[in-house]
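Notes follow once the structure below has been shown.
The values are calculated or read from the model by the stated rules, or taken from the named source; none is laboratory data. Treat the numbers as computed from the prediction; the structure is a model and nothing was measured. All Cβ positions, even for glycine, are placed from backbone atoms using ideal geometry, and neighbour counts span all protein chains on display. Only protein heavy atoms, including side chains, enter the accessible area calculation; ligands, DNA and RNA are left aside. Shrake-Rupley method; radii C 1.70, N 1.55, O 1.52, S 1.80 Å.
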Amino acid sequence: MSVFTEILEKYWGYKSFRPLQEDIIKSVCEGNDTLGLLPTGGGKSIIFQVPALYFDGVCIVVTPLVALMKDQVENLRRRNINAVAVYSGLTSEEMRIAFDACQFGNVKFLYLSPERLGTELFLERLKTLKVSLLAIDEAHCISQWGYDFRPSYLRIADVRRFLPGVPVLALTATATPEVADDIQEKLLFDKKNCFRKSFYRKNLVYIVRKVEDKYNYLLKIAKKQPGTGVVYVRNRKKTREIASFLQKNGISAEYFHAGLTSEYKDFRQQQWKNGNIRIICATNAFGMGIDKPDVRFVVHIDTPDSLEAYFQEAGRGGRDEKTAYAVLLYNNEDIANLKRNLTNSFPEKSYIKKVYNALGNYLQIPIGGGKSRPFDFNLSLFVSHYDLNPLQAVSALKILQRNGYIELTDEIFTHSKVKFIVDRNELYRFQVAKAKLDPFIKLLLRNYTGIFSNYTDIDEKMLANYAQTTPEVIYDMLKQLSSANILNYIPQKRTPYIIFTEERLDDKSLIFSKESYEFLKDKYSQRINSVIKYCTNNYKCRSRQLTEYFGENNLNDCGECDVCRANNKRAEDNNYDLIYDCILKTLANQTLDLETLVKEVNFGNESQVDSVVREMAQDNIISLDSDGKYHVV
């Protein structure tokens, strides 16, 4: 047993790695910069977590998915592995405490959102850390040719200057050959070193249907195909509509989207994972970090705008290696919407400048100010206030992000936090002087440890239950203690953030490079056309269409997708006529037993010939004589 397998079994309980995992781990542990391309469900997190536990020091993990970051930190801590996360939305003191833990504690993993990479605080503290590995999740985000480019990822190359000799491990589920090369170039690999797992999923059957009544077609699938399913759509309203439609037709279903509270999302995911909900109807907010092995079908009601996104979402089916179905439903309206998306995704440059100026005014940032400051940002209030087209406004913000002017984070839910800012002696004197607050202070001290040295998550509802009062009363007492400078209280909130990565500029200084606008617009057009081609190409195997898009050109037809089955049927129909004619010709001047007759026919296989012979006998075209030989009637 290798040392890596020992680590795997000790912390995760597995006795062996999945294909390619250990090869990538060995490459990294030999000090090589390494890119791993593994389709969804390939076990990417294990690949950087195992070598991090093998090395001395802390592993820095860069990921844009805050929810997934927090989930992985919690999972590692449950395994008694110390991990911390730093992302926009934390206070400067919370960040300082996290960096102190990395420097002086036994932290093995520092999860970092990409926009923190360029901050002075991080770069100063980086010099004090013993870093063993730099792991880049969702590595396709560094490539301008990828479908989810994020300019903040480009700062990773600058960070490498401070980490001589530290290997980089880049991981992604979806990358074309062009994007894979670009990732390695942007991350300053010494030499190309890419491990690619085949994108072919032999147990996943791809089906495309041109359908007008999608809801009833979905109902047919749900009734015919047993097991758990996921239905993907593009907007939140439709998730509720489809879930309600399925429920009314006796199918267990619920909806999921980014607008739900974190608690409700967790509750819905758990219900679905446990089998209490059979079908989850969701936007693309559902799926990150979800590893339910027995998903039997994934249905796309709306066409995605890239094959990368489709492949990743469809790939959530059949992770138990048993047969699962990925069904894409489309019609002419979907094709028109995809083409319309090009205009919405790349509005005119004058419109983008209008959005940028509106954003600066909305956040009250003066020209020349705002750099590196995070601002709470409510998109719906912003577009409503300035009467902007929501789709084009979001696209304008993304283009501004690509050009490095802003960073728009995912919606983040943060629990309420408290930290005492006085020592125990001073707190005791306060308790004596303010007897009414004494019981509540004791309640805090009984229920939360480390509250003098760290910000600690608290639950106002739980405290209210213990104190037999209301959350409003608890909130008021926390505010009193905060006003008296006894503790710092940060109420819970749920909001995305916008960060101005550069000082606010005037119109003339706002420049959009050809690479970040015209070239990307052309790439986006190519991606949309690839989706349209996938939907409408009824001649090439679906699996081959997908794998060839990702650079694999040597695979055979899968034999199971809708195209292969149609081709097989056409071949069978063609063979039937050829076999039929050959039987008549062979028996024209002779009688033959079945075995000899089958051998004489040159078309199809033995079972096909046998089947045609029996049908012809039933139809009295040929007949069997008393000697057991066939002849023409």
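Out of curiosity, is Ile352 among the β-branched types (Val, Ile, Thr) and surrounded by 18 or more Cβ atoms within 10 Å (Cβ to Cβ)?
Details: among the β-branched types (Val, Ile, Thr): yes; surrounded by 18 or more Cβ atoms within 10 Å (Cβ to Cβ): yes.
Yes.
Which residue, of Ile60, Ile81, Ile97, is within 19 Å of Gly450 (Cα to Cα), open to solvent by less than 10 Å² (accessible area, probe 1.4 Å) and either part of a helix (DSSP H, G or I) or not small (Gly, Ala, Ser) (or both)?
Of the residues listed, the single one that is within 19 Å of Gly450 (Cα to Cα), open to solvent by less than 10 Å² (accessible area, probe 1.4 Å) and either part of a helix (DSSP H, G or I) or not small (Gly, Ala, Ser) (or both) is Ile81.
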Name every residue in region 24-39 that is open to solvent by less than 20 Å² (accessible area, probe 1.4 Å) and in contact with a helix residue (DSSP H, G or I) (Cβ under 8 Å, 6 or more places away or on another chain), in order of residue number.
-> Ile24, Ile25, Val28, Asp33, Thr34, Leu35, Gly36, Leu37, Leu38, Pro39
Residues located in region 177-223, provided they are outside any helix (DSSP H, G or I) and among the small types (Gly, Ala, Ser) | Ser198
When region 380-439 is examined, which residues are found to be of a type in the set (Gly, Ala, Ser) and under 24 Å from Tyr475 (Cα atoms)?
-> Ser416, Ala433, Ala435
Can you find a residue in region 166-174 that is open to solvent by 10 Å² or more (accessible area, probe 1.4 Å), modelled with pLDDT of 90 or more and among the β-branched types (Val, Ile, Thr)?
-> yes
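Looking only at residues that are within 21 Å of Asn553 (Cα to Cα) and at pLDDT 90 or above in region 180-201, which one is surrounded by the most Cβ atoms within 10 Å (Cβ to Cβ)? If you could, list the steps in order and put the result at the bottom.
Initially, region 180-201 is screened for residues within 21 Å of Asn553 (Cα to Cα), giving 180-182, 192-201.
Those still in the list that are at pLDDT 90 or above too: 180-182, 192-195.
On the way: Ala180: 23, Asp181: 17, Asp182: 19, Lys192: 11, Asn193: 18, Cys194: 17, Phe195: 16.
Checking each candidate, the answer is Ala180.
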Evaluation of Arg160 against (1) closer than 30 Å to Arg527 by Cβ; (2) crowded, with 22+ Cβ neighbours inside 10 Å (one fails), failing number = (2)
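Okay, residues lined up against (1) assigned to a helix (DSSP H, G or I); (2) open to solvent by less than 50 Å² (accessible area, probe 1.4 Å); (3) out of contact with any Asp or Glu (no Cβ under 7 Å at 6 or more places or on another chain); (4) of a type in the set (A, V, I, L, M, F, W, C):
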{"position": "Lys442", "(1), (2), (3), (4)": "yes, no, yes, no"}
{"position": "Ile451", "(1), (2), (3), (4)": "no, yes, yes, yes"}
{"position": "Asn454", "(1), (2), (3), (4)": "no, no, yes, no"}
{"position": "Asp457", "(1), (2), (3), (4)": "no, no, yes, no"}
{"position": "Asn465", "(1), (2), (3), (4)": "yes, no, yes, no"}
{"position": "Ile474", "(1), (2), (3), (4)": "yes, yes, no, yes"}
{"position": "Lys479", "(1), (2), (3), (4)": "yes, no, yes, no"}
{"position": "Ser482", "(1), (2), (3), (4)": "yes, yes, yes, no"}
{"position": "Tyr489", "(1), (2), (3), (4)": "no, yes, yes, no"}
Counted residues in region 546-562 being farther than 20 Å from Phe297 by Cα and either at pLDDT below 90 or among the charged types (D, E, K, R) (or both) come to 9
Would it be correct to say that Lys508 is closer than 30 Å to Asn357 by Cα and part of a helix (DSSP H, G or I)?
-> yes
All conditions in (1) out of contact with any strand residue (DSSP E or B) (no Cβ under 6 Å at 6 or more places or on another chain); (2) open to solvent by less than 50 Å² (accessible area, probe 1.4 Å) are true of Glu333 except (2)
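May I ask you to list the residues in region 364-387 that are of a type outside the set (A, V, I, L, M, F, W, C) and either more than 17 Å from Lys353 (Cα to Cα) or open to solvent by less than 80 Å² (accessible area, probe 1.4 Å) (or both)?
Kept after step one, since they are of a type outside the set (A, V, I, L, M, F, W, C), are these residues of region 364-387: 364, 366, 368-374, 376, 378, 380, 384-387.
Those that are of a type outside the set (A, V, I, L, M, F, W, C) and either more than 17 Å from Lys353 (Cα to Cα) or open to solvent by less than 80 Å² (accessible area, probe 1.4 Å) (or both): Gly368, Gly369, Gly370, Lys371, Ser372, Arg373, Pro374, Asp376, Asn378, Ser380, Ser384, Tyr386.
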Pair list, Cβ < 6 Å and 6+ apart or interchain, from region 149-165 residues that are without any contact (Cβ under 8 Å) to a residue 40 or more places away in the chain to residues that are hydrophobic (A, V, I, L, M, F, W, C) and part of a helix (DSSP H, G or I) = Phe162/Leu126
Criterion (more than 30 Å from Leu397 (Cβ to Cβ), aliphatic (A, V, I, L, M) and touching a residue at least 12 places away in the same chain (Cβ under 8 Å)) met by exactly one of Leu505, Leu597 | Leu597
Considering (1) more than 22 Å from Val66 (Cα to Cα); (2) open to solvent by 10 Å² or more (accessible area, probe 1.4 Å), say which one Asn284 fails and leave the rest.
-> (1)
Tally of residues being under 11 Å from Leu112 (Cα atoms) and open to solvent by 40 Å² or more (accessible area, probe 1.4 Å) across region 63-78 | 1
